[in-house]
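Worksheet: the structure to be examined is printed underneath.
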Amino acid sequence: MSRVYPFDDAATARAVIGHDGTLVEWNEGARRLLGHPADAVLGRPAAELLADVGTPVPPTGPRWTGTVGLRHRDGSTVPVWLLAHHRPPHDEHPGDWLVVTPLTGTEPPAGDDPLTEAGLIQSPCPVAVYDDRLRLRRMNEAMAAVVGLPEERVRGLRLAEIGGRPQSEELEESMLRVLASGRPLDVQTFTRTGGEDRAHAWLASMAPIRDPAGRVRGVCLAAHDITDNHRARQRLQLLNEASVRIGTTLDVTRTAQELADMCVPALADFVTIDLLDPQEYGGEPPARITAPVRLRRAAHQSVLPDLPEAVVQPGTTEEYPALSPQADSLTAGRTITAAVSAGDMDQWLAWHPVRGERVRRYGIHSSMSVPIQARGLTLGVAVLTRHRRPDPFTADDVLLAEEITARAAVCIDNARRYSRERETALALQRSLLPRSLPRTAALDASSRYLPAARAGVGGDWFDVIPLSGLRVAMVVGDVVGHGIQASATMGRLRTAVRTLADIDLAPDELLTHLDDLVLRLSEDAGAEGSPGEVGATCLYAVYDPVSRRCALARAGHPPPVLLRPGGRPQLLDLPAGPPLGLGGLPFESTEVDLPEGTVLALYTDGLVQSRERDLDASRELLYRALGRDTDCLDEACDGVLHALLPGGAAPDDVALLLARTRGLPAAQVATWDIPADPALVAPIRKQVVDQLDAWSLSEATFTAELVVSELVTNAIRYGARPIRLRLIHDATTLICEVSDTSHTAPHLRRAKTFDEGGRGLLLVAQLTQRWGSRHTPDGKTIWAELSLYEEDR
């Protein structure tokens, strides 16, 4: 719907002069004033209408007023008072001059005119009265001071012609609504009037003026300067916005960038955030700062695209001397403002010519350096500069910048402390995890550890532990919680698992002992906190390449995924068992046959837990990833992580262990049943020698004979029947095992000078790479490992 304006266009002589000096608009009022029709003057130089001789001097500033002699069409000279507004370029408009002068309404109103009855003409509040054509009829001295022109000069002009700005046109629209509806209206605007050197916030109160018959005959406009309230609301809104926008993450660089983004363009045209490099001070900023100061650029922002004012790029360091705004502010510990015109920055810009060139090129005129301080520590400095905004920094600007920076400083310090703790916990975590997995004859293994993206480093761990008889243990666990405490607890549990595994406990027995340890750790934690703070889950498996069987038990941990050769991935059905730390509840072991080439996937719950999908969907993704290609376990690990964590970020820690089983051929194992007769030890030694010859291991014959003789003799003398001898060999190791049904384990001791016995196990310990005993359901096994190559010992 188009709006109908009650304006008499011919009541004002109005022309528009383009940026090149030619006339681009010429209204009917201008034709009435000078007689020239529009088609005769449009496109021609405006200077041709001047009656004065000489080259015209173009006016400067945003507005010009004065009386000039203009050429009438009949050749006469007409003295005309002109009001000219310079309209700056915007968008694709190149900018021009709007020139106006009133033609009608210039005479004072008659005494009986209802417009003269407005009672606020003497008010100290700026007041103006407009008729029903929205042309100025009266205004008081306060309004004349705001406009910057006397009443007799602008009487008869519309508000848009007096102001010459878009805000004036918006106010005129509001006055038209008052005129049409007869209802008062309040409008807020922020503009610079002709009588002001800077913009102010105004509340324009508009009320209809009625005659005795009740007809609306005009509009009364009263202006109220609300700049202070406006700026106070702006500061409050800016502070509130800063509390929301700054500190959204626990990342130092991101928080610094949020501070820079917050200050541009609200406070400055170009902002730099430089932080003290913690690497130079051992992780903590110095208590006292002296120049020169080395700072690292954390972030910057500008009103100009591509930040052309920047000299230093984010991530790089630079040393600032004593004469720089950064160093001066940090050493003084307070905000310092500087003005280029006052020479405050001359020494600094002369010392750094590149910055001096940028200051001159972009017209930077003011600088404000604000220290970033939190909890008694100085973390860095924010430097705010202006070049597009012409006004310098005020005391209110300093207070606002300090308040925003103080809020950001707490967020930066929180992020710094969090980053330091996370890096410490991550370093501790990685130092406690195996640097590389051992190469064993029982299986090939590959692993991955991924710390949580936001929650911090947790207590997830994995391990591969070689056992006697070429067996190998696999373990994956998860300590409740995150941070250094969780990592330290993980280190304790991993050490305990390796110790318990070394004495060859069955999986369920090992978890029982581990449960007792977690209970004790929880009781220790209760001295400072609440009992039960320590908790964990664990999966423990032992694989025997000779029997190709695997024994597993779990304590509240996700069950493993099994992929047999040529088959489909499947979840291995294991008794869940209670999480570690509850105490008093039993654990159950399960044994499964694993053909050679079977892939076992052990993992923590961070791999399959997701907010975007349920547990079944995550497991299906895991099955698909394992089913694609497991020829290379390293690539398979990467494929699993990519499938379940495509962004590389996990809400919780992730530990993944993939293992492919190997089987030991029967030809590499020899077993004999031993009669309980010491006289038959010699034939047993002969059989062992023959077997070593068959395996082409003659170089190990002498040591093997001695070890077998000692172990078999001890079993016959101190053990219980039946007794069995087993030899196992792989590429580098020969293993001798003697089993009997006695549960009494031998102990190494040093024989006295006159003792006739007691030196056998000492001799075994000296001749072998390692030896030990393990309990079995039927008794015990004494074993010894001989290295087949001297350099391996």
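The values are calculated or read from the model by the stated rules, or taken from the named source; none is laboratory data. Computed from a predicted model, the values in this text were never measured in an experiment. Here Cβ is always computed from backbone atoms with ideal geometry, including for glycine, and neighbour counts include all displayed protein chains.
Could you please tell me which pairs satisfy a Cβ distance under 8 Å, a separation of 6+ or placement on different chains, a first residue in region 298-317 that is without any contact (Cβ under 8 Å) to a residue 40 or more places away in the chain, and a second residue that is in a loop (DSSP other than H, G, I, E, B)? Filtered contacts from region 298-317: SER302/VAL264; SER302/ASP269; SER302/PRO308; SER302/GLU309; SER302/ALA310. Please determine, by comparing only the residues of region 223-250 that are exposed (fewer than 12 other Cβ atoms within 10 Å of the Cβ) and among the polar types (S, T, N, Q), which one is modelled with the lowest pLDDT. Looking at residues that are exposed (fewer than 12 other Cβ atoms within 10 Å of the Cβ) and among the polar types (S, T, N, Q), I get GLN237. Do you know which of the residues in region 201-211 that are surrounded by fewer than 19 Cβ atoms within 10 Å (Cβ to Cβ) and more than 18 Å from SER181 (Cα to Cα) is farthest from the chain's Cα centre (by Cα)? Of everything passing the filter in region 201-211, LEU203 is farthest from the chain's Cα centre (by Cα).
In a loop (DSSP other than H, G, I, E, B), touching a helix residue (DSSP H, G or I) at 6+ places or on another chain (Cβ under 9 Å) and crowded, with 21+ Cβ neighbours inside 10 Å - does that describe any residue in region 480-491? Scanning region 480-491, I find no residue that is in a loop (DSSP other than H, G, I, E, B), touching a helix residue (DSSP H, G or I) at 6+ places or on another chain (Cβ under 9 Å) and crowded, with 21+ Cβ neighbours inside 10 Å, so the answer is no. Out of ALA655, ALA649, ALA667, ALA682, one residue alone is touching a strand residue (DSSP E or B) at 6+ places or on another chain (Cβ under 7 Å) and aliphatic (A, V, I, L, M). It is ALA655. Considering every residue within region 214-234, establish whether at least one is free of Cβ contacts under 8 Å to residues at least 12 places away in the same chain, under 30 Å from ARG135 (Cβ atoms) and either in the same structural domain as VAL178 (by TED's automatic domain parsing) or not acidic (Asp, Glu) (or both). Yes, some residue in region 214-234 is free of Cβ contacts under 8 Å to residues at least 12 places away in the same chain, under 30 Å from ARG135 (Cβ atoms) and either in the same structural domain as VAL178 (by TED's automatic domain parsing) or not acidic (Asp, Glu) (or both).
In region 729-742, which residues are of a type in the set (Val, Ile, Thr) and in contact with a Phe, Trp or Tyr (Cβ under 9 Å, 6 or more places away or on another chain)? Once the filter is applied, which keeps residues that are of a type in the set (Val, Ile, Thr) and in contact with a Phe, Trp or Tyr (Cβ under 9 Å, 6 or more places away or on another chain), region 729-742 yields THR732, ILE735, VAL738.
Checking ALA144, ALA128, ALA160 one by one, the residue that is among the small types (Gly, Ala, Ser), touching a helix residue (DSSP H, G or I) at 6+ places or on another chain (Cβ under 8 Å) and assigned to a strand (DSSP E or B) is ALA128 and no other. Pull up region 428-451, narrow it to residues that are surrounded by fewer than 17 Cβ atoms within 10 Å (Cβ to Cβ) and among the polar types (S, T, N, Q), then point me to the one that is farthest from the chain's Cα centre (by Cα). Among those residues, the one meeting the criterion is SER436.
If you go through region 392-416 one residue at a time, how many are under 19 Å from PHE270 (Cβ atoms) and in contact with a helix residue (DSSP H, G or I) (Cβ under 9 Å, 6 or more places away or on another chain)? Before you say what the answer is, go through the steps one by one.
Kept after step one, since they are under 19 Å from PHE270 (Cβ atoms), are these residues of region 392-416: 392-394, 397-398, 400-402, 404-405, 408.
Filter once more, so that each one left must be in contact with a helix residue (DSSP H, G or I) (Cβ under 9 Å, 6 or more places away or on another chain): 393, 400-401, 404-405, 408.
Total meeting the criteria: 6.
Among the residues of region 187-199, is any exposed (fewer than 13 other Cβ atoms within 10 Å of the Cβ), in contact with a Leu (Cβ under 6 Å, 6 or more places away or on another chain) and in contact (Cβ under 8 Å) with a residue 12 or more places away in the chain? Within region 187-199, one or more residues are exposed (fewer than 13 other Cβ atoms within 10 Å of the Cβ), in contact with a Leu (Cβ under 6 Å, 6 or more places away or on another chain) and in contact (Cβ under 8 Å) with a residue 12 or more places away in the chain.
With the structure loaded, tell me whether LEU103 is touching a helix residue (DSSP H, G or I) at 6+ places or on another chain (Cβ under 6 Å), at pLDDT below 90 and of a type in the set (A, V, I, L, M) or whether it fails that test.
Details: touching a helix residue (DSSP H, G or I) at 6+ places or on another chain (Cβ under 6 Å): yes; at pLDDT below 90: yes; of a type in the set (A, V, I, L, M): yes.
When the stated conditions are applied, LEU103 passes them.
Checking each residue in region 322-360 for being closer than 12 Å to ILE289 by Cα and surrounded by fewer than 19 Cβ atoms within 10 Å (Cβ to Cβ) picks out ALA322, THR331, ALA332, GLY333.
Consider region 452-467 and keep the residues that are at pLDDT 90 or above and either among the charged types (D, E, K, R) or outside any strand (DSSP E or B) (or both). The one that is surrounded by the fewest Cβ atoms within 10 Å (Cβ to Cβ) is LEU467. Do we find that ALA408 is more than 21 Å from ALA650 (Cβ to Cβ) and within 20 Å of the chain's Cα centre (by Cα) in this structure? When the stated conditions are applied, ALA408 passes them.
Could you tell me whether GLN668 is touching a residue at least 60 places away in the same chain (Cβ under 8 Å) and of a type outside the set (Lys, Arg)? Considered against the rule, which asks whether it is touching a residue at least 60 places away in the same chain (Cβ under 8 Å) and of a type outside the set (Lys, Arg), GLN668 comes out as yes.
For region 163-200, the set of residues classified as touching a helix residue (DSSP H, G or I) at 6+ places or on another chain (Cβ under 7 Å), within 23 Å of ASN229 (Cα to Cα) and in a helix (DSSP H, G or I) consists of SER168, LEU171, listed by residue number. A count restricted to region 682-728 and to residues that are outside any helix (DSSP H, G or I) and among the hydroxyl-bearing types (Ser, Thr, Tyr) stands at 1.
Yes or no, residue by residue, for (1) within 20 Å of ALA160 (Cβ to Cβ); (2) at pLDDT 95 or above; (3) assigned to a strand (DSSP E or B):
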| position | (1), (2), (3) |
| --- | --- |
| ASP20 | no, no, no |
| GLU25 | yes, no, yes |
| GLY43 | no, no, no |
| GLU48 | no, no, no |
| PRO58 | no, no, no |
| GLY61 | yes, no, no |
| GLY69 | no, no, yes |
| VAL78 | no, no, yes |
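Remark: pairs (first residue in region 505-523, in contact (Cβ under 8 Å) with a residue 24 or more places away in the chain and outside any helix (DSSP H, G or I); second residue of a type in the set (Ser, Thr, Tyr) and surrounded by fewer than 21 Cβ atoms within 10 Å (Cβ to Cβ); Cβ separation under 8 Å; 6+ apart in sequence or on different chains) = ALA506/SER589.
Mind telling me which of the residues LEU615, LEU680, LEU644 ends up being surrounded by fewer than 18 Cβ atoms within 10 Å (Cβ to Cβ), free of Cβ contacts under 8 Å to residues at least 60 places away in the same chain and either at positive phi or within 48 Å of the chain's Cα centre (by Cα) (or both)? Walk me through how you get there before you give the answer.
Working: LEU680 fails: either at positive phi or within 48 Å of the chain's Cα centre (by Cα) (or both); LEU644 fails: surrounded by fewer than 18 Cβ atoms within 10 Å (Cβ to Cβ).
On inspection, the qualifying residue turns out to be LEU615.
Do we have LEU98 as crowded, with 16+ Cβ neighbours inside 10 Å, at pLDDT 80 or above, assigned by TED's automatic domain parsing to the domain that holds VAL219 and under 60 Å from the mean Cα position of the chain (by Cα) here? Before you say what the answer is, go through the steps one by one.
On the way: crowded, with 16+ Cβ neighbours inside 10 Å: yes; at pLDDT 80 or above: yes; assigned by TED's automatic domain parsing to the domain that holds VAL219: no; under 60 Å from the mean Cα position of the chain (by Cα): yes.
Criteria not met by LEU98.
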